[in-house]
Every structure is written in structure tokens, then in C-alpha cells.
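Participant: Once you've had a glance at the structure underneath, I'll fire off some questions.
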Amino acid sequence: MFKEIFPNYSTPCGWNRMLAMRTPRSALKNDLTVDYVIVGAGYTGLAIARRLHELDPQARIAVFEASSVGEGSSARNSGFTGSEVLPRTVTLAGAEKARRQTALMREAFDWLAGIIARAGIECDLQKVGSIRAAATEAGEASLRQVAEVAKLNGISHTVLGRNEIAERIGSEYYRFGIYLNDTYLLQPAALIRGLADALPENVALYENTSVRRLKRNGGSWELLTDGGVVRARSVALANNGFIRRFGYLKCRMTTIFTYAAVTHPVAETELDHLGQSPAWGLLPSHRLGTTLRRIGRDRLMVRSLYAHEHEVPIDEVSAKLRDRFIRRWPGLRHVELEYVWGGATAFTMNGAPWWGKLEEGLFASGGCNGSGIAKGTMLGRHLAELMLGIGNPAKISSAMGTASLIAPEPFRSIGFRIVSAIESRKAGLEA
Ligand SMILES: Cc1cc2nc3c(=O)[nH]c(=O)nc-3n(C[C@H](O)[C@H](O)[C@H](O)COP(=O)(O)OP(=O)(O)OC[C@H]3O[C@@H](n4cnc5c(N)ncnc54)[C@H](O)[C@@H]3O)c2cc1C
């Protein structure tokens, strides 16, 4: 079991290593009193901080990040984002829920895109769309359902056959696909670093400073950190699956580790192997499947594998990711993986996040599952409003739902092992 207070990964983040070195902000070295504290400088935490500042510009705001920005999950992801939410079922109720979620996500995505533009954050944000692709008959059947729900919500999409997918990505591995044009791809480490570096001046960010405990003292909260005691009247927990380390939401979310790799550059003469599309992203039809991306002109990214609450030894991860890469591009079997890394996501049983007030002056948002760039931004932005007593919390809860109960240990781990064995078998070649 992964028992640390924050995710302390065994390998550095590949996206971060592809960028020039960044000097982290200083760690906390003394006691501190502020108005608002945010634990975690991922998409959720930084959105809370920025929105609090927008609404209460004089407030003293402090953000604590246990690692350095660029090494957390917000940098370790695959960089797919956007605002269009696909209904989960082909029902009118499902379609209506997805429309309400899309409206919230669109507002947050536009806000994020505005910050990126104004701050000049160079994170390669591009609207390239995404291909949902199936390698198996079952995968194809499930994608045909996706096409139906897309149609129900008026989401523009194009159905692709094997040859059309092969033309775009250079691999004949997939038999059926749907292209959705509302997906953006970006360099996640560049984005989260840019957002941290563009924080307004009176938002203090302390990196390499973990919050170890919190307790209520009279009308305020006291947080014990690596560098000193911090007092604040209001605290937001934005440390995702690790909120549980403070004793909250233990039966609402769990932590899943998943892995990614980026290849060495492919030789100029072999670029045709990467397809005719200069930029593309592919998402699997099965939830335990493999995500793929072309990066720049000459590299590929492969994301796959899942582990419950623990990291997998990196040699094992490398071998499995390499196998997935070679199965899809046998002609590139001589190309090695240059970066391999893992990251934690907070998984909830029903896919809904947990968002809201835990106690007087204590708030939390976590459990974005695999789509925290836009969702974390949206939830963080609205959590700041909740902290200030404005906004419409019922609108968020009714559109997003709330994380349902998960069985306690040891049943949770046993359940995860059983479900993942069954689902892995079902995923088959999608993995
Ligand atoms: C390999 C991979 C691929 C993914 N692909 C995508 C994708 O393509 N698109 C997408 O939208 N999402 C994707 N995700 C999910 C996405 O990364 C998460 O949903 C997102 O990072 C959640 O943001 P967050 O701010 O809520 O939490 P986090 O990014 O986890 O940020 C929480 C921060 O809190 C810090 N922290 C934890 N405990 C403490 C403590 N005690 N004190 C101080 N700091 C603490 C952590 O170090 C961390 O930086 C992927 C995830 C992984 C791992």
C-alpha cells in the first residue's frame, strides 16, 4: 500500500524532463498566518487560488505543494482536454446531464484558455480532435454506442474505418474509430508550470512543503507543514486522492496509478510510420485500454496499465509499454522508449467527483478520475466561490453528482483485483 502523505514517485515526470529546468518557489521556513490555504498545486488547487484572488483581491492566499510543480499528477497526464462531455448512456436523462456538464466545462475551459493566452503560457495547446478507437469486435460495438450518444447530443463526429485510422496514425492496429473534433492536446508539465508561475503576486506558493496534519483551533485552522505551522480561517484540500491521508473521504475515493512513456525521436526517413496527420491523439474504447499521441514531429506517447494504491516496478512498466508500442508499430521495433513514468489519479466508484464543504472553514475537491485538466479547473474555480459563500453550489452538485461509497479495505483491494482481472480480459487487444 502507498502510505505516504503525498505521492512520492519513483521516477521523474517525462513531460517535465522534456522542458528546460525550472527553479521551484521556496519551501516554507517559518510559521505563517493567512486568510486562505490551499493544499496541492495541481489544476484544482491553482484554480481555487486564482479564483479566490479574482473575487477577493486583498486576501492573503497560500498554496502548499509537497513536490515541485511539474512533478505532480497535473504534469504527468496525457494532455487530452476539452469541454464536450459525452453522455454515459443513450437516454434523454443522460443526454441532459451531459449537456449541463458541458456548459460548466466550457465556461472553465474558456477561463483556462484565457489565462494561457494572457500569460503567454507556451504549452502547445492545439485543437486537434481525438480518435476513439477499437481493436476488437466488442470495442467496436461499444464505440457504435458512443456514436449514438454523440448523435443524441448533437456532438459532431466522423466514423473511421481501419484504413482511415491507419492513414492518420500510421498503424493498422485499429478496426473502427470515431473522430471527435472538440479535443485539445497540450504539454501538461508546461501548462501547470506556466499556471503556477503566472499566479498573482499576493498568492504565495510554497513548493517542496507538504502539509502533514490539520486541526481546528477556535475559529481557524492550523496546518502542520514541513516548514512551520500555518493558520488560516479557510482551507481547501486540493490534493486529490491524498485528501484521505487527513482522514476525510476515505470511503469515497481510491488511488489508481497509471503509466506513460515517450519514445526517442523517430528517424526523418521513418516519419511516415507516424501517419499523415501532423498531430493526433487516440483514446481507447475500453477503460483499461491504451492512450496514444504523436508528440511534435517525431515521437510517440503510449499510456496504459493500472495499479491500485501502489506503484509498479518501472522495469516491468517499461517492458509492458514497449510491448504495446511494438504491437501497434512493428516497423518501429528498433525505437526505444526515452522517458517512462507513472502518476496517481483519484478514482471514484461512480465516476463523480467529491466537491464541497467538509466542516466549518474546510473544503475539498477531488476525484476527477482521468480528466482533471478541465474538470479540476472547473471544480476548483467553483470551490473558491463556495468558500466565499457565493455562487450556486446546487448547480455543481446536480450536474456533476457526488462520489458514491466505496467498500472499505480489505474488500476494496480484493474487489479491485477481481474487477481488473475481468476487465483486463475483456480489454484484450485494446490494452
Ligand atoms: C498517466 C496519466 C494520464 C492522464 N491523462 C489525462 C488526460 O489526458 N487528461 C486529463 O484531463 N487528465 C488526465 N489524467 C488525470 C489528471 O492528471 C488528474 O485528474 C489531475 O492531475 C487532477 O488534478 P488535481 O489538481 O485535482 O490533483 P493533482 O494533479 O494530483 O494535484 C494534487 C497535488 O497535491 C499535492 N499534494 C498531495 N498531498 C499533499 C500534501 N499533504 N501537502 C501538499 N501537497 C500535497 C500533490 O503533490 C499534487 O501535486 C491523467 C493522469 C495520469 C496519471
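Participant: Could you check region 123-144 and list, in sequence order, the residues that are more than 19 Å from the chain's Cα centre (by Cα) and under 23 Å from residue 280 (Cβ atoms)?
Facilitator: Taking region 123-144 and keeping what is more than 19 Å from the chain's Cα centre (by Cα), we get 133-144.
Listed by number, the residues that qualify are 133, 134, 135, 136, 139, 140, 142, 143, 144.
Participant: So, one more: What number of residues within region 29-38 satisfy the criterion of being within 11 Å of the ligand (Cβ to nearest atom) and open to solvent by 10 Å² or more (accessible area, probe 1.4 Å)? Write out each step before concluding.
Facilitator: Our first condition is that a residue be within 11 Å of the ligand (Cβ to nearest atom); within region 29-38, this holds for 37-38.
If we keep only those that are open to solvent by 10 Å² or more (accessible area, probe 1.4 Å) too, we end up with none.
Qualifying residue count, region 29-38: 0.
Participant: On the basis of being open to solvent by 30 Å² or more (accessible area, probe 1.4 Å), of a type in the set (D, E, K, R) and on the phi > 0 side of the Ramachandran plot, does residue 110 make the cut? If you could, list the steps in order and put the result at the bottom.
Facilitator: Details: open to solvent by 30 Å² or more (accessible area, probe 1.4 Å): yes; of a type in the set (D, E, K, R): yes; on the phi > 0 side of the Ramachandran plot: no.
When the stated conditions are applied, residue 110 does not pass them.
Participant: Just give me the residues in region 374-401 being assigned to a helix (DSSP H, G or I) and either of a type in the set (Asp, Glu) or open to solvent by 10 Å² or more (accessible area, probe 1.4 Å) (or both), in sequence order. Show your work before the answer.
Facilitator: Filtering region 374-401 down to residues assigned to a helix (DSSP H, G or I) leaves 374-387, 393-400.
Listed by number, the residues that qualify are 375, 381, 382, 385, 386, 387, 393, 394, 395, 397, 398, 400.
Participant: Moving to a separate point now. Among the residues that make up region 319-334, is at least one of them assigned to a strand (DSSP E or B) and either open to solvent by less than 30 Å² (accessible area, probe 1.4 Å) or over 19 Å from residue 71 (Cα atoms) (or both)? If you could, list the steps in order and put the result at the bottom.
Facilitator: First, the residues of region 319-334 that are assigned to a strand (DSSP E or B): none.
Taking every residue of region 319-334 in turn, none turns out to be assigned to a strand (DSSP E or B) and either open to solvent by less than 30 Å² (accessible area, probe 1.4 Å) or over 19 Å from residue 71 (Cα atoms) (or both).
Participant: Please go through region 73-115 and pick out each residue that is within 30 Å of residue 8 (Cβ to Cβ) and among the aromatic types (Phe, Trp, Tyr). Reasoning before the result, please.
Facilitator: Going residue by residue through region 73-115, those that are within 30 Å of residue 8 (Cβ to Cβ) are 73-81, 108, 112, 115.
Correct list: 80 only.
Participant: Could you please tell me which pairs satisfy a Cβ distance under 6 Å, a separation of 6+ or placement on different chains, a first residue in region 140-158 that is at pLDDT 90 or above, and a second residue that is open to solvent by less than 30 Å² (accessible area, probe 1.4 Å) and part of a helix (DSSP H, G or I)?
Facilitator: As it stands, the answer is 157/150, since those pairs meet every condition given.
Participant: Is it fair to say residue 365 is more than 30 Å from residue 49 (Cβ to Cβ), modelled with pLDDT of 95 or more, in a strand (DSSP E or B) and within 14 Å of the ligand (Cβ to nearest atom)?
Facilitator: Working: more than 30 Å from residue 49 (Cβ to Cβ): no; modelled with pLDDT of 95 or more: yes; in a strand (DSSP E or B): yes; within 14 Å of the ligand (Cβ to nearest atom): yes.
Spelling it out, it is not the case that residue 365 is more than 30 Å from residue 49 (Cβ to Cβ), modelled with pLDDT of 95 or more, in a strand (DSSP E or B) and within 14 Å of the ligand (Cβ to nearest atom).
Participant: Being under 18 Å from the mean Cα position of the chain (by Cα) and surrounded by fewer than 16 Cβ atoms within 10 Å (Cβ to Cβ) is the filter here; which residues of region 261-298 pass it?
Facilitator: 287, the sole residue that qualifies.
Participant: Name the residue that is most open to solvent (accessible area, probe 1.4 Å), counting only residues in region 70-91 that are away from the ligand (no atom under 15 Å from the Cβ) and touching a residue at least 40 places away in the same chain (Cβ under 8 Å). I'd like the intermediate steps shown before the answer.
Facilitator: Narrowing region 70-91 to residues away from the ligand (no atom under 15 Å from the Cβ): 87-91.
Then drop every residue that is not touching a residue at least 40 places away in the same chain (Cβ under 8 Å), which leaves 87-90.
Details: 87: 10, 88: 195, 89: 69, 90: 61 Å².
Across region 70-91, the extreme among qualifying residues is 88.
Participant: Is there any pair with a first residue in region 235-247 that is open to solvent by 20 Å² or more (accessible area, probe 1.4 Å) and a second that is near the ligand (Cβ under 8 Å from one of its atoms) whose Cβ atoms are under 6 Å apart and which are 6 or more apart or on different chains, and what are they?
Facilitator: Every condition considered, the pairs that remain are 239/39; 239/40; 240/346; 240/366; 245/5.
Participant: Taking region 45-69 on its own, how many of its residues are open to solvent by less than 20 Å² (accessible area, probe 1.4 Å) and either closer than 22 Å to residue 108 by Cβ or more than 14 Å from the ligand (Cβ to nearest atom) (or both)?
Facilitator: The qualifying residues number 10.
The values are calculated or read from the model by the stated rules, or taken from the named source; none is laboratory data. These numbers were taken from a predicted model, which means no experiment stands behind them. Glycine also receives a Cβ, built like all others from the backbone with ideal geometry; neighbour counts cover every protein chain displayed. Protein only, heavy atoms only, side chains kept; ligands, DNA and RNA dropped before computing areas. Shrake-Rupley method; radii C 1.70, N 1.55, O 1.52, S 1.80 Å.
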